[in-house]
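Asker: After the structure tokens below, expect a handful of questions from me.
The values are calculated or read from the model by the stated rules, or taken from the named source; none is laboratory data. Just so we're clear, the structure is a prediction, and the values are computed from it rather than from any experiment. So basically every Cβ, Gly included, is an ideal-geometry build from the backbone, and we count neighbours across all protein chains shown. Note: areas computed on protein heavy atoms with side chains; ligands, DNA, RNA excluded. Shrake-Rupley method; radii C 1.70, N 1.55, O 1.52, S 1.80 Å.
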Amino acid sequence: MPRRAPVTIGGPPPSPPRSTVQARTPLTEETVAERAGIDADTPQGDAAVRLLALQRHQSAEHARLLRELAPLWVAPEDGESAPDDREEADLVVAVALRTTTVRAGTLLRDAHLAIDELPRLFARLEAGDLPVEWHQRILRSVRELTPAQRSELDTRVAAWDLASIPVQRFRRELRLLIAWLHQAGQNAPRPEDLRDVALEGSLVDDGTATLRITGPVPEILSLARRLDASARAVQDHQRRALADGAPIPFDPDGAAALNGSPLTLAALRYAILTGSVLETGGIEVPTERFRLNVTVPVMTLMGFSDAPGVVDGTVPVPASMARMIAAREPFWYRVLTDPVTGTFIPAAASSYRPPTAMLEHLRMENPVCAVPGCTRASTSRAEADHIQEYDHTDPASGGPTCVSNLHLLCFTHHRLKTRGMIDPVRGPDGTTRWNIGTERDDRSRSPGKNRPRATASIPANRDLATPTLASALLDAWEQHHWEQEIKALMRNGAFDEPDELDHEDYLRRTAPPPF
């Protein structure tokens, strides 16, 4: 029998890692070329010196950014209004840095951690000794630590020779320290607490996505083995059915019958997993508010263009996949767009509550929350919001329920708009100007006048393929007319060679007019 690894139960935590981590030789402008294994008096050596200086400059600039962000941090425990105030701060940062609200929130949290809880390491960042990548790795590593553990890590790592140690040494020593702090403090998260299912997009728009399942190793292994056993059982039945000439089981796309061979295990695992019925213990799951929209340009459907389709207005899919999806659907829904600008032509207006057709149109314009920087999908948990408030007592006085006065907002940002923390204004060309937050303007001539903390102008969403395809159609139409004119001229003999007897008459008729 193989020997089993010993298991240690109880006992004191292991000894802490070394308190100082020192490089063998300092990393300076004089030694950087030697550390890289190149001659100093070469173009590569000169580049290494410049890159070292650039790294230290970037560290100082990143520290400056964190200093600017830190005052905007809103602690989670700062009263009932903290969630909305935090969302407002995220919006201000997202607009200013031209990033998403999720990334803005991460930057604000990092700024708080860096300056308020890891001040010694922040000083090393400001001095240029700590690369930005290393500092971000540290911030990710301390999120699950207690304040006391963060303070100890701050003291220990700040004493390392951060300006000179190589990256492999830094990562190894940091992992050892984090592991020791987790074990010493007994605060490591349980695998059961890390269960998660997350949707991840592809790094390239190739029409694929990834569903990542995280959980305790025994549960994930059990799921993988059950899925594999099911796929093998189905594959065996498909193989026997093909040999006997019988109907092929579990062949949803007919690929096994078409190819004359059973589906691969990978294809069967996927088909079984995506085709399984979700068990919710008898709880009724409400139907989706919106259908899954796959927008396909009509020229792509006809095979005259390879312009991609778009899933739910955000994820491009190849033309071949878009045509395949359309071919399988019994019903198509027509969406009209302006052939010049690509603007979605609005549906008819109605009463206060938008009809289903109008909501579907709004989803074309707002596949995600309309607030700048927000990436929350409007598929289900989104609300139709009147930009100019609807007047319930006198609807004719303003705030109509029409596409030009509506957009979709996630619940969080709809709440912020209701509280007046963000204020959109829709222009006649469809552009929406967002006024985010207010701050006291002491320089104003009018005491007490408020001004927005940040503003952003967002143009109306358009179908980018429409103008291109419309231009291609116009060119094809003009080419067709030109060909028809040439054929008419040929039928009328405009290009026939003149007879020899009429040569002089031909020259006389085709000669240019005299001056």
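Asker: Amide H neighbours of residue 378 under 5 Å, counting only residues 5+ apart in sequence or on other chains, H built in-plane at 1.01 Å?
Answerer: It is 368, 369, by chain and number.
Asker: Long-range amide H contacts for residue 401: which residues qualify at under 5 Å (H placed 1.01 Å from N, peptide plane, sequence gap of 5 or more or a different chain)?
Answerer: Result for residue 401 returns 350.
Asker: Here's another thing I want to ask about it. Would you tally the net charge around residue 313, using a Cβ to Cβ cut-off of less than 10 Å, leaving residue 313 out, and scoring K and R as +1, D and E as -1?
Answerer: Its environment carries a net charge of -2.
Asker: Another question about this same structure. Kindly identify the stretch 192-256 as rounded, prolate or oblate by the Cα gyration tensor criterion: order the square roots of the eigenvalues as a ≥ b ≥ c, call it rounded if a/c is under 1.5, otherwise compare a/b with b/c, prolate if a/b is larger, else oblate.
Answerer: oblate
Asker: Given just the C-alpha atoms of the stretch 241-324, how large is their convex hull per residue in cubic angstrom?
Answerer: Here the figure is 166 Å³ per residue.
Asker: Near residue 212, within a Cβ-to-Cβ distance under 13 Å, what is the net charge of the other residues, with Lys and Arg +1 and Asp and Glu -1?
Answerer: Value of the local net charge: -1.
Asker: Sort 116, 110, 423 by heavy-atom solvent-accessible area, probe 1.4 angstrom, most to least.
Answerer: On the way: 116 95, 110 15, 423 75 Å².
Heavy-atom accessible area, descending, gives 116, 423, 110.
Asker: Also: Residue 472 to residue 205: extension gain in nm, 0.36 nm per residue of separation minus the Cα-Cα distance?
Answerer: Result: 93.7 nm gained on full extension.
Asker: In whole Hz, what ³J(HN,Hα) sequence does the stretch 116-125 give by Karplus (6.51, -1.76, 1.60; θ = phi - 60°), x for Gly and Pro?
Answerer: 8, 10, 10, x, 5, 5, 5, 5, 5, 5
Asker: In 10 Å bins starting at 0, how do the alpha-carbon pair distances of the stretch 139-212 split up by percent?
Answerer: 15, 34, 24, 22, 5
Asker: I would also like to ask the following. Which GluC sites (Glu not before Pro) from the stretch 64-108 combine a DSSP loop assignment with at most 11 other Cβ atoms within 10 Å? Walk me through the intermediate numbers first.
Answerer: Details: sites: 68, 77, 80, 87, 88; in loops: 77, 80.
In loop regions of the stretch 64-108 (DSSP not H, G, I, E or B), the sparsely surrounded GluC sites (Glu not before Pro) are 77, 80.
Asker: Modelled label-to-label distance, residue 464 and residue 325, 7 Å Cα→beta-carbon offset: nm?
Answerer: 1.7
Asker: Hey, rough spin-label estimate for residue 284 and residue 22, points 7 angstrom out along Cα→Cβ, what's it come to in nanometres?
Answerer: 7.3
Asker: Same structure, new question: Carbon-plus-sulfur fraction of the accessible area of the stretch 173-230, 1.4 Å probe, in percent?
Answerer: It is 58 percent, rounded to a whole number.
Asker: Could you pull out the GluC sites (Glu not before Pro) across the stretch 208-285 that fall in loop regions by DSSP (anything but H, G, I, E, B) with no more than 15 other Cβ atoms inside 10 Å?
Answerer: Values: sites: 219, 279, 284; in loops: 279, 284.
Passing both the DSSP loop test and the Cβ count: 279, 284.
Asker: Could you tell me which of rounded, prolate or oblate describes the stretch 47-131, using a ≥ b ≥ c as the square roots of the eigenvalues of the alpha-carbon gyration tensor, with rounded for a/c under 1.5 and, failing that, prolate when a/b is larger than b/c and oblate otherwise?
Answerer: It comes out oblate by the Cα gyration axes.
Asker: Separate question: Around residue 146, under 13 Å between beta carbons, what's the net of Lys plus Arg minus Asp minus Glu among the other residues?
Answerer: Taking every Cβ under 13 Å from that of residue 146, the sum is -2.
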